[in-house]
1. Residues in the range 63-80: is at least one modelled with pLDDT of 85 or more, of a type in the set (Phe, Trp, Tyr) and open to solvent by 80 Å² or more (accessible area, probe 1.4 Å)?
2. State whether the residues of the range 17-30 include one that is farther than 30 Å from Met106 by Cβ and at pLDDT below 65.
3. Can you pull out every residue in the range 61-78 that is among the aliphatic types (A, V, I, L, M), out of contact with any Asp or Glu (no Cβ under 9 Å at 6 or more places or on another chain) and in a loop (DSSP other than H, G, I, E, B)?
4. Could you list, in sequence order, all residues of the range 36-60 that are outside any loop (DSSP other than H, G, I, E, B), under 20 Å from the mean Cα position of the chain (by Cα) and farther than 26 Å from Asp78 by Cβ?
5. Could you please give the count of residues in the range 98-115 that are open to solvent by 90 Å² or more (accessible area, probe 1.4 Å) and either modelled with pLDDT under 75 or among the small types (Gly, Ala, Ser) (or both)?
6. Within the range 39-56, how many residues are open to solvent by 60 Å² or more (accessible area, probe 1.4 Å) and modelled with pLDDT under 95?
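The values are calculated or read from the model by the stated rules, or taken from the named source; none is laboratory data. Just so it is clear, the model here is predicted, and its values are computed rather than measured. Positions of Cβ are backbone-derived with ideal geometry, glycine not excepted, and every protein chain shown enters the neighbour counts. Accessible surface is based on the protein model in full, side chains and every heavy atom, while ligands, DNA and RNA are left aside. Shrake-Rupley method; radii C 1.70, N 1.55, O 1.52, S 1.80 Å.
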Amino acid sequence: MALWKTVGGKYLEGVSSVPDLDASKLTITLAETLKPIPEAETLVFGQTPTDHMLMVSFDPSTGWNAPEIKPYGPIPVDPMSSCLQYATNIFEGMKAYIGPDGEARMFRQTEIWHV
């Protein structure tokens, strides 16, 4: 049994008795077709996908599930994930204040918005 408590409905705190990730439970499902190996000079971070990916999920009451290496593909994301709600990740770190005249004043846009 896990010893977690929810704080503010968003965060889990506490000591857990769930087991750590067990790499010995790793399963591997190989892709049926592989891409050619690109030359090292042509690799671009964030633009050169691999043939496989590692997936591991965590449940606060049961701990880590068995890790799995499987063919590269879409990742299921819960629609209630905070990164999708109101695009909060886009505005992370941006500051806006209402001035004495009632107009919004935004700060740090150039540091946040990289085009």
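1. Within the range 63-80 (the criterion being modelled with pLDDT of 85 or more, of a type in the set (Phe, Trp, Tyr) and open to solvent by 80 Å² or more (accessible area, probe 1.4 Å)), the answer is yes, since at least one residue qualifies.
2. yes
3. Residues satisfying the conditions are Ile75, Val77.
4. The answer is none; no residue qualifies.
5. The number of residues fulfilling the criteria is 7.
6. 11
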